[in-house]
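Some notes on the structure that comes next.
Read the figures in this text as sums done on the coordinates, not as results from a lab. If you're wondering where the values come from, they're calculated on a predicted model, not measured in any experiment. Every residue, glycine as well, gets a Cβ built from its backbone with ideal geometry; the counts of neighbours run over all protein chains shown.
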Amino acid sequence: MLSQREYEDLLWKINHIPSTITGKKRHNLRTTFKKKLHEHELATKYPPFEPLKFEQYFINFRTTDSTLIHLIDQIKSTSVFTLDTESILIPYRPNAPALIQVQIILSESFSSVVLIEMCHLPRAHEHTFTLVKQFFQTLFNTDKNIFIWGAISELHNFCSYNLFTYEQLYLCNPINLQNEFKDHWNEQHPHQPTTSTSTNYPECICEECLGLQKTNTWSLQNAVAFELSQWLDKRQTTSNFDIGLDPTLYHFNSAETEHRQSLIRYAVYDCLSMQQIMLKLKLIERQESNINPSNEIITATVNDLTNIACDDDQHDLQATNNFEPISPADIQDASTPRQQQTLTKAERHRIHNRTCTLKQRKRYYKTEIIISNIDRRFTIKNIKEIIKSYGVPFSAVNFSTSSATRKRSIHIGMRNSSQINDYQHRIDHLFTTSHYNRFINDRRTHRSSNKR
Ligand SMILES: [Zn+2]
């Protein structure tokens, strides 16, 4: 954050760019100043971004076989990832690819973030190099949903390191979170015309009123600010991500270590903030391995141990997604009477909410329609949209994946079973690959016809 003096200085500079500086140079200088100002405004307005729990790993020539094997196993165990890359600017030359960040999301609140240091890889003949290749081979696979703030094509330049091929990239299921976010924002924030002169009317935050154009993409920083009300520090955007970040790589003095720490934070926060946006947008609500909706034992246990009244009807569907993984061990802990007595108000409240959530889960899936072998590219949000358009009243939607066939199914929870056959008939032919292709095509046509 800037001091008041620095801030005023910056404002002055923006308005007093010397007339001797002209053309492109003038434009660039103005952009640089404006970026600084924007950064400062966000830093003043919002608290710094707070990540969920994660573990950090480096892949470079120091990485051991066992770490790589461990990471490959982690990739095998899940289907949700975020990915980002950093390149370095070289004047008058294309950007040089330097870093790949892969976040392996293991549960709603825990993940591994792996920084692959492209300029410090093991030599091609070494065994670890083969394992790094295997790392990517496992990652770029049909059952892996990889969220990227942009397109997977940002990895094209990285193919030159021979860790994966261009063709391999297209084996996975990349999801452009930047586009998903734009759609979400426009859906949630249509223009609100101010009808009167009333001053307490909330300011409109539609894209246009925010000064964003229909064709503009959202920066991750703005998305974090507007959706999560947090400041994602972007001051390191054009740093040298190729210098070797892992503190064990070479011998560094304390200033060097500190500098690297700030670059590492920057690199991992890109992934970690995407994860929180995904949670907020409910793109990764309840993963397959998480909670079994028919697990009555858990529900019963929780209900028995807390004598807190649960006002079911005050909780609507929106409120169900507090993404705490609920494990039986978790509940076991709270069920011992000794601990129950010492629960703080906040803890009681948490358990109360959890009880309600579990009750709701049970209720939402009272009867369900299951559609098997769906195209993996459909997101929960897409599916909800489509089901709605077919006039099927659902209470919840979730994925499951068969551990034997790796095929994905969707579970559509219904509160009311009376017309279930009719509803099933309306939608059971949907969500195939050809449906997905048609769906995307329709969307594109729709989008371009909206453009003026
Ligand atoms: Zn507006």
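A simple rule links phi to the HN-Hα coupling: the Karplus curve 6.51 cos²θ - 1.76 cosθ + 1.60 with θ = phi - 60°, which for the stretch 373-390 gives 6, 8, 6, 5, 6, 5, 8, 4, 5, 4, 4, 4, 4, 5, 4, 4, 5, 8 Hz, with x for Gly and Pro.
With 18 Å as the limit, write out which pairs from LYS76/LYS144; LYS76/LYS407; LYS234/LYS280; LYS282/LYS381; LYS182/LYS388; LYS36/LYS234 have Cα-Cα distances beyond it, or answer none. Over 18 Å apart, Cα to Cα: LYS234/LYS280; LYS182/LYS388. Reported to the nearest whole Å, the Cα centre-to-centre distance from the stretch 129-192 to the stretch 6-41 is 35. Proximity of backbone amide H atoms, modeled 1.01 Å from N, is registered between ALA396 and GLY413 at under 5 Å, excluding neighbours fewer than 5 places apart on the same chain. Here the 3J(HN,Hα) profile of the stretch 238-253, calculated from phi with Karplus coefficients 6.51, -1.76 and 1.60 at θ = phi - 60°, is 9, 7, 8, 6, 9, 7, x, 9, 4, x, 8, 5, 9, 8, 10, 7 Hz, Gly and Pro shown as x. Would you please classify the overall shape of the stretch 230-283 from the alpha carbon gyration tensor, given that a ≥ b ≥ c denote the square roots of the eigenvalues, rounded means a/c under 1.5, and beyond that prolate means a/b larger than b/c while oblate covers the rest? Prolate, because a/c is 1.5 or more and a/b exceeds b/c.
Once backbone amide H atoms are built at 1.01 Å from N, ILE88 has ALA96, ALA98 as its partners under 5 Å, excluding neighbours fewer than 5 places away on the same chain. Take the alpha carbon gyration tensor of the stretch 90-165, find the square roots of its eigenvalues, order them as a ≥ b ≥ c, and report rounded if a/c is under 1.5; if not, report prolate when a/b exceeds b/c, else oblate. Since a/c reaches 1.5 but b/c is at least a/b, the shape of the stretch 90-165 is classed as oblate.
Each residue of the stretch 32-37 was assigned a 3J(HN,Hα) from its phi angle through the Karplus curve 6.51 cos²θ - 1.76 cosθ + 1.60 (θ = phi - 60°); the sequence is 4, 4, 5, 4, 4, 5 Hz, with glycine and proline shown as x.
With the cut-off at 1.5 for a/c, could you classify the stretch 4-45 from its C-alpha gyration tensor as rounded, prolate or oblate? Since a/c reaches 1.5 but b/c is at least a/b, the shape of the stretch 4-45 is classed as oblate. At 10 °C and 1.306 mPa s, grab the translational diffusion coefficient of the stretch 166-250 from Stokes-Einstein with a Kirkwood Rh over Cα pairs, rounded to a whole number in µm² per second. This corresponds to a translational diffusion coefficient of 96 µm²/s. Summing +1 for each Lys or Arg and -1 for each Asp or Glu among the other residues whose beta-carbon sits under 12 angstrom from that of GLU41 gives +3.
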